[in-house]
Amino acid sequence: MDHFNYRDGVLYGEDIPLTRVADEFGTPCYVYSKATLARHFRAYTEALGGHPHLICYAVKANSNLAVLGLLARLGAGFDIVSVGELERVLAAGGDPAKVVFSGVAKQAGEMARALEVGIKCFNVESRPELERLNAVAGRLGTVAPVSLRVNPDVDAGTHPYISTGLKDNKFGIPVDEALAVYTHAAGLDHVRIVGLDCHIGSQLTELAPFLDALDRLLMLLERLREQGIEVEHLDLGGGLGVPYHDEHPPAPFDYATALLERLAQWPGSERLTLLFEPGRSIAANAGVLLTRVEFLKPGETKNFAIVDAAMNDLIRPALYQAWQAILPVDTRRPRETGTFDVVGPVCETGDFLGKDRELAIAAGDLLAVRSAGAYGFVMASNYNSRPRPPEVMVDGERVHLVRRREPLEALWAGEALLPDDEATAP
Ligand code: LLP
């Protein structure tokens, strides 16, 4: 459920007609709904009820400060993968004590900053990373809280680019080696074992892989216990899918209920804090990308709707052949229906937002690409020297610009001409 709905033929974000957003801020433009973000976040916290838990929103999905600030106020923790994401969380008023740090290549400087601000946990993905963290913490005279990210080797049944829990993925420590790495970690002076972590992939639409992963983690916990190693939390990562098209992923409530049921059979589970790192399921359907049709271009085999947004603004269709709904914003004017490839201005054949879409549109019309709140703006680039679009947050009857359109000069800020002297003369 989200808060983008038609009223009298016009698509609204909460109580704001999207036509008004386009008039005010131009297109292309990302629009987020505050109520939807809050609703999706609360779906997790309510589902987990009385069980100790922390929802660490995956910052990579949408890292706008307004989004992070809203979630921080709702009590969220954050899953970060870089010092840039950490600084964003801090700038948005997030609590460092609720931050977990994932990622396969944490640099020493990033570790040091995370230790300095006192994050909750490092999700360590390899033995050399553990050694580096121990050394950095030692230099700072402190002890790093760690969780090992285990690769449980379960097939998440999702797109190969976003499946992360298989043996041949680069992520995590193979489950069979994890015991040895934990035992090693227990002997290090500057790390303290606090958790166990996994993340098996993204856009999962079935519960079974999550439950399989949980079973494997619980087996490992059992063996750790035999070695006298106890953890305070179990982090099950993110990955719950969203309906983009005709998928029917489980709701956070069903997901949490199934996990809690399985967990209840494990002795001592009531003392185990559950962590989740959802990104997409909180942000994707809380956002749309508004774009305007520049031209309709009929062809022999294809009709094109050429719009002002492109793969540089939203890369998911081009990169993953992802399907995202494309809707006309104002349906009040009569239009002929046609079948169109919705394509952008970028000079690549792969630059499309949707293919073979039935749309009743004319040049100048506004379209909304749905489910664009996650992995949308954050993956935008300046390819073809296109400034990145603005981001707007609607909140009931209010509209807030939460990131302005990138000015043209920003495209070359930081670049330099060669000095105008003999040595560099052509
Ligand atoms: N935790 C870790 C360690 C992750 O690697 C990810 C996502 C998440 C949490 C959040 O997963 P989510 O709940 O959003 O599924 N750009 C791709 C998605 C890449 C996801 C990468 N990792 C897309 O647009 O589909």
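The values are calculated or read from the model by the stated rules, or taken from the named source; none is laboratory data. Since the model is a prediction, treat every value here as computed from it, not as a measurement. Heads up, the Cβs are rebuilt from the backbone with ideal geometry, glycines too, and the neighbour counts pull from every protein chain shown.
A compact table of results
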| item | result |
| --- | --- |
| Criterion: in contact with a Gly (Cβ under 8 Å, 6 or more places away or on another chain) and over 21 Å from H245 (Cα atoms) - qualifying residue of E277, E358 | E277 |
| Counted residues, region 232-253 - those being part of a loop (DSSP other than H, G, I, E, B), touching a Phe, Trp or Tyr at 6+ places or on another chain (Cβ under 8 Å) and near the ligand (Cβ under 10 Å from one of its atoms) | 5 |
| Test: residue in region 196-208 that is buried (at least 20 other Cβ atoms within 10 Å of the Cβ) and away from the ligand (no atom under 16 Å from the Cβ) | no |
| Checking E261 against (1) within 26 Å of the chain's Cα centre (by Cα); (2) more than 12 Å from the ligand (Cβ to nearest atom); (3) not polar (S, T, N, Q), the condition it does not meet | (1) |
| Unmet requirement for A66, which otherwise passes all of (1) away from the ligand (no atom under 15 Å from the Cβ); (2) more than 15 Å from D395 (Cβ to Cβ) | (2) |
| Region 180-236, residues that are among the basic types (K, R) and more than 19 Å from A258 (Cα to Cα) | R192, R223, R225 |
| Conditions (1) in a loop (DSSP other than H, G, I, E, B); (2) at pLDDT 95 or above: number failed by F340 | (1) |
| Residue match in region 56-75 (condition: more than 21 Å from the chain's Cα centre (by Cα) and on the phi > 0 side of the Ramachandran plot) | no |
| Conditions (1) within 16 Å of the ligand (Cβ to nearest atom); (2) over 27 Å from G50 (Cα atoms); (3) among the small types (G, A, S); number of the one not met by A256 | (2) |
| One residue from I326, I282, I306 being of a type outside the set (D, E, K, R), more than 21 Å from A208 (Cβ to Cβ) and within 14 Å of the ligand (Cβ to nearest atom) | I282 |
